[in-house]
Amino acid sequence: MASSRDDLKDPKFWRAVVGELIAMMIFVLISLGSTIGWDPPYIPSMVQISLCFGLSIATMVQCFGHVSGANINPAVTCALLVTRKISFVRAISYIVAQCAGAMAGAGILYGVTPASVRGGLGVTSLGHGVSAEQGFAIEYLITFELVFTVFATIDPNRKDLQGSASLAIGISVVIGHLFAIKYTGSSMNSARSFGPAVVMNSWEDHWIYWAGPILGGITAGIAYEYLFAAKTTKDTISHCMLSSRESEELVEEKVSTV
């Protein structure tokens with residue numbers, strides 16, 4: 001794709017890639033920190049963890065929306081790719097940066113947290129009695145909900161949007177965690193699971209946290225773009241056939257105004 005070649009020559013592209021890395025690093029550091037059980041037997045509540053994850057992602061979207069579009073999630077990036085809103089090179093670069101940022105964030109948290117309270121460092125795992133198939137379904141559904149929210153809030157043709165898109169996205173993360181923490185740890189984000197898995201060398205059922213979110217995100221992106229976007233089906237298809245650069249500019253312009 002010509003736009004991929006253009007991306008590599010554009011300094012703003014590399015700034016965006018670095019932005020994704022930094023945003024993910026901060027998100028993982030702060031969010032995983034909320035799962036640490038200080039002074040046992042103290043255990044962080046579901047509400048505490050859910051709010052920290054949701055508010056952290058809302059803050060990062062607000063900070064980096066104008067820089068990279070604030071994907072901060074491989075599922076969001078894959079959904080934007082299949083709906084032709086970003087180029088292939090940008091998508092791959094973002095995902096690599098997100099994973100690197102997640103490893104850095106988890107590594108920093110590991111280093112600054114006493115070993116006595118470090119625990120599992122927020123590694124995602126299936127709840128008691130939850131099968132791999134059930135875990136996959138949960139991750140698929142909650143990530144569908146998140147990515148559908150992202151697409152709904154960046155739809156450039158909606159005239160009814162009010163308030164903060166970043167907060168809406170953050171709330172979608174909160175409700176996903178409130179629902180799914182007991183099931184799967186509520187990843188909703190493959191890079192978020194990848195970072196602590198690398199640091200703690202914990203890979204049990206890890207495939208679930210890639211397959212579920214990525215497929216859920218792609219399904220949500222396609223469903224919104226072709227069925228629920230605020231435009232006719234013909235216009236939807238026409239919009240998807242735009243160059244990746246034109247579509248990406250629409251996304252970043254929308255995010256940066258909220």
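Before moving on, here are some points about what is shown:
- Residue check for Glu133: within 23 Å of Glu20 (Cα to Cα), of a type in the set (D, E, K, R) and open to solvent by 20 Å² or more (accessible area, probe 1.4 Å): no
- Residue match in the range 118-130 (condition: surrounded by 16 or more Cβ atoms within 10 Å (Cβ to Cβ), touching a His at 6+ places or on another chain (Cβ under 9 Å) and either polar (S, T, N, Q) or farther than 21 Å from Gly212 by Cβ (or both)): yes
- Listed by first and then second residue, the pairs linking a residue in the range 172-184 that is closer than 9 Å to Ile138 by Cα and open to solvent by 90 Å² or more (accessible area, probe 1.4 Å) to a residue that is among the β-branched types (Val, Ile, Thr) and in a helix (DSSP H, G or I), with Cβ atoms under 8 Å apart and 6 or more places separating them unless they lie on different chains, are Tyr183/Ile138.
- The single condition from (1) surrounded by fewer than 24 Cβ atoms within 10 Å (Cβ to Cβ); (2) closer than 15 Å to Pro213 by Cβ; (3) not small (Gly, Ala, Ser) that Thr153 fails is (2).
- Odd one out for Tyr140, checked against (1) open to solvent by 30 Å² or more (accessible area, probe 1.4 Å); (2) more than 24 Å from Ile26 (Cα to Cα); (3) not in a helix (DSSP H, G or I): (3)
- Only a single criterion out of (1) closer than 14 Å to Arg192 by Cα; (2) open to solvent by 10 Å² or more (accessible area, probe 1.4 Å); (3) among the small types (Gly, Ala, Ser) is not satisfied by Gly101, namely (2).
- Test set (1) within 17 Å of the chain's Cα centre (by Cα); (2) at negative phi - Pro114 fails condition number: (1)
- The set of residues in the range 211-247 that are small (Gly, Ala, Ser), touching a Cys at 6+ places or on another chain (Cβ under 9 Å) and at pLDDT 95 or above comprises Gly217, Gly221.
- Restricting the search to helices (runs of 4 or more DSSP H) fully inside the range 1-96 and requiring at least 1 residues that are open to solvent by 50 Å² or more (accessible area, probe 1.4 Å) and among the β-branched types (Val, Ile, Thr) gives 11-33, 46-68, 74-82.
- Being open to solvent by 10 Å² or more (accessible area, probe 1.4 Å), of a type in the set (A, V, I, L, M, F, W, C) and out of contact with any strand residue (DSSP E or B) (no Cβ under 7 Å at 6 or more places or on another chain) is a condition met by at least one residue of the range 158-166.
The values are calculated or read from the model by the stated rules, or taken from the named source; none is laboratory data. Remember, it's a predicted structure, so these values are computed and weren't measured experimentally. We place every Cβ from the backbone using ideal geometry, glycine too, and count neighbours over all the protein chains shown. In case anyone asks, the SASA skips ligands and DNA or RNA and just uses the protein heavy atoms, side chains included. Shrake-Rupley method; radii C 1.70, N 1.55, O 1.52, S 1.80 Å.
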